[in-house]
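K.L.:
The following block contains the structure, expressed as structure tokens.
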Amino acid sequence: MAEIARGRSERGELVLRRREDDGALELRVNGVFVMDDVETSSEELLASAALSSIRRPDRVLVGGLGLGYTVRALLADPRLGEVVVAEIEPDVVAWMRAGLVPSVLDDPRVSVVVGDVRTVVTASPDASLDAILLDVDNGPDFLVYNENSPVYASPFVTTCRSKLRTGGVLTVWSSSASSDLEAIVTSVFGACVIKPVSVNLQGRAETYYVYQGSS
Ligand SMILES: C[S@@+](CC[C@H](N)C(=O)[O-])C[C@H]1O[C@@H](n2cnc3c(N)ncnc32)[C@H](O)[C@@H]1O
């Protein structure tokens, strides 16, 4: 592994590195694999699931910049008005701004807030967003930070709903099937659409999921 950058925050240590076997760019937090730039179809599905379900993506909020694949997929839609990205790790944003990761931040439709997505969503005016896309962990059952567990709980999902315009959607990425998340999205939105996506993770066949509620 060739280390490209290392950062530290109160939540722990972040490493951006290039794998020697396949040349992939990989992000790790506290030693835990978060994502790479080889298998990005599920990050892109998070965007396309939202885009295909709403009438007009005037204003979209994304939780978790990561390597930028979800944001890039949003930007590919010419209807997109603006996307606000909440990213808790300043280094993730700084590495992209420095060009260590291909940037999505130069597009004038993108603004970044360095902070917790829960704070950023809660501070948004009610009925101001067409979509909220959450990809801040490896899913509700495989947290990168334990402090993120309220992201998948009823009070925050209810807050998300209040920030959506009529017809808006909440979409949540997960690396595993989560009956708890399905139940919470169903109880808050009245229904939950689950979109599985088959991925090849370094030679291993896996299924990832997107959970969606529509307001
Ligand atoms: C799996 S990556 C996101 C991947 C992204 N969808 C992409 O396409 O590259 C998760 C990101 O969420 C960030 N994150 C974790 N907890 C967060 C939180 N509570 N609020 C905002 N960002 C958070 C991490 O620092 C990391 O950059």
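K.L.:
Restricting to the range 167-209, name every residue that is of a type in the set (S, T, N, Q) and under 21 Å from Ala24 (Cα atoms).
P.N.:
Going residue by residue through the range 167-209, those that are of a type in the set (S, T, N, Q) are 171, 174-176, 178-179, 186-187, 198, 200, 202, 207.
Selection gives Ser175, Ser198, Asn200, Gln202, Thr207.
K.L.:
If you go through the range 29-45, how many residues are in a helix (DSSP H, G or I), among the small types (Gly, Ala, Ser) and surrounded by fewer than 22 Cβ atoms within 10 Å (Cβ to Cβ)?
P.N.:
Here the count works out to 1.
K.L.:
Given the conditions (1) part of a helix (DSSP H, G or I); (2) of a type in the set (Gly, Ala, Ser); (3) within 18 Å of the chain's Cα centre (by Cα), which single one is not true for Ser187?
P.N.:
(3)
K.L.:
Of all residues in the range 184-208, which are crowded, with 21+ Cβ neighbours inside 10 Å and closer than 12 Å to Ser42 by Cβ?
P.N.:
Result: Tyr208, single match.
K.L.:
Scanning the range 105-123 for residues that are closer than 18 Å to Asp58 by Cα and crowded, with 19+ Cβ neighbours inside 10 Å, which turns out farthest from the ligand (Cβ to nearest atom)?
P.N.:
Per the criteria, the residue is Val110.
K.L.:
Return yes or no: is Arg11 within 30 Å of Val169 (Cα to Cα), surrounded by fewer than 16 Cβ atoms within 10 Å (Cβ to Cβ) and within 10 Å of the ligand (Cβ to nearest atom)?
P.N.:
yes
K.L.:
Quick one: is Glu26 surrounded by 15 or more Cβ atoms within 10 Å (Cβ to Cβ) and within 15 Å of Val136 (Cβ to Cβ)?
P.N.:
In short, no.
Yes/no matrix, rows are residues, columns are (1) over 15 Å from Val136 (Cβ atoms); (2) touching a Lys or Arg at 6+ places or on another chain (Cβ under 7 Å):
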residue	(1), (2)
Val151	no, yes
Ser154	yes, no
Gly168	yes, no
Ser174	no, no
Ser179	yes, no
Glu182	yes, no
Gly190	yes, no
Val210	no, yes
Ser215	yes, yes
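K.L.:
With small (Gly, Ala, Ser), within 28 Å of Asn146 (Cβ to Cβ), modelled with pLDDT of 95 or more and within 11 Å of the ligand (Cβ to nearest atom) as the only criterion, which of Ala86, Ala5 stands out?
P.N.:
Ala86
K.L.:
Do we find a residue being within 12 Å of the chain's Cα centre (by Cα), over 30 Å from Thr166 (Cβ atoms) and either among the basic types (Lys, Arg) or within 12 Å of the ligand (Cβ to nearest atom) (or both) anywhere in the range 51-61?
P.N.:
no
K.L.:
So is Pro150 surrounded by fewer than 24 Cβ atoms within 10 Å (Cβ to Cβ), within 11 Å of the ligand (Cβ to nearest atom) and in contact (Cβ under 8 Å) with a residue 24 or more places away in the chain or not? If you could, list the steps in order and put the result at the bottom.
P.N.:
Values: surrounded by fewer than 24 Cβ atoms within 10 Å (Cβ to Cβ): yes; within 11 Å of the ligand (Cβ to nearest atom): yes; in contact (Cβ under 8 Å) with a residue 24 or more places away in the chain: yes.
When the stated conditions are applied, Pro150 passes them.
K.L.:
Select from the range 46-82 the residues that are assigned to a loop (DSSP other than H, G, I, E, B), out of contact with any Asp or Glu (no Cβ under 7 Å at 6 or more places or on another chain) and not small (Gly, Ala, Ser) and list them in ascending order.
P.N.:
Arg55, Asp77, Pro78, Arg79, Leu80
The values are calculated or read from the model by the stated rules, or taken from the named source; none is laboratory data. Just so it is clear, the structure is predicted and the values come from calculations on it, not from any experiment. With ideal geometry, Cβ positions are generated from the backbone for all residues, glycine too; neighbour counts draw on all protein chains shown.
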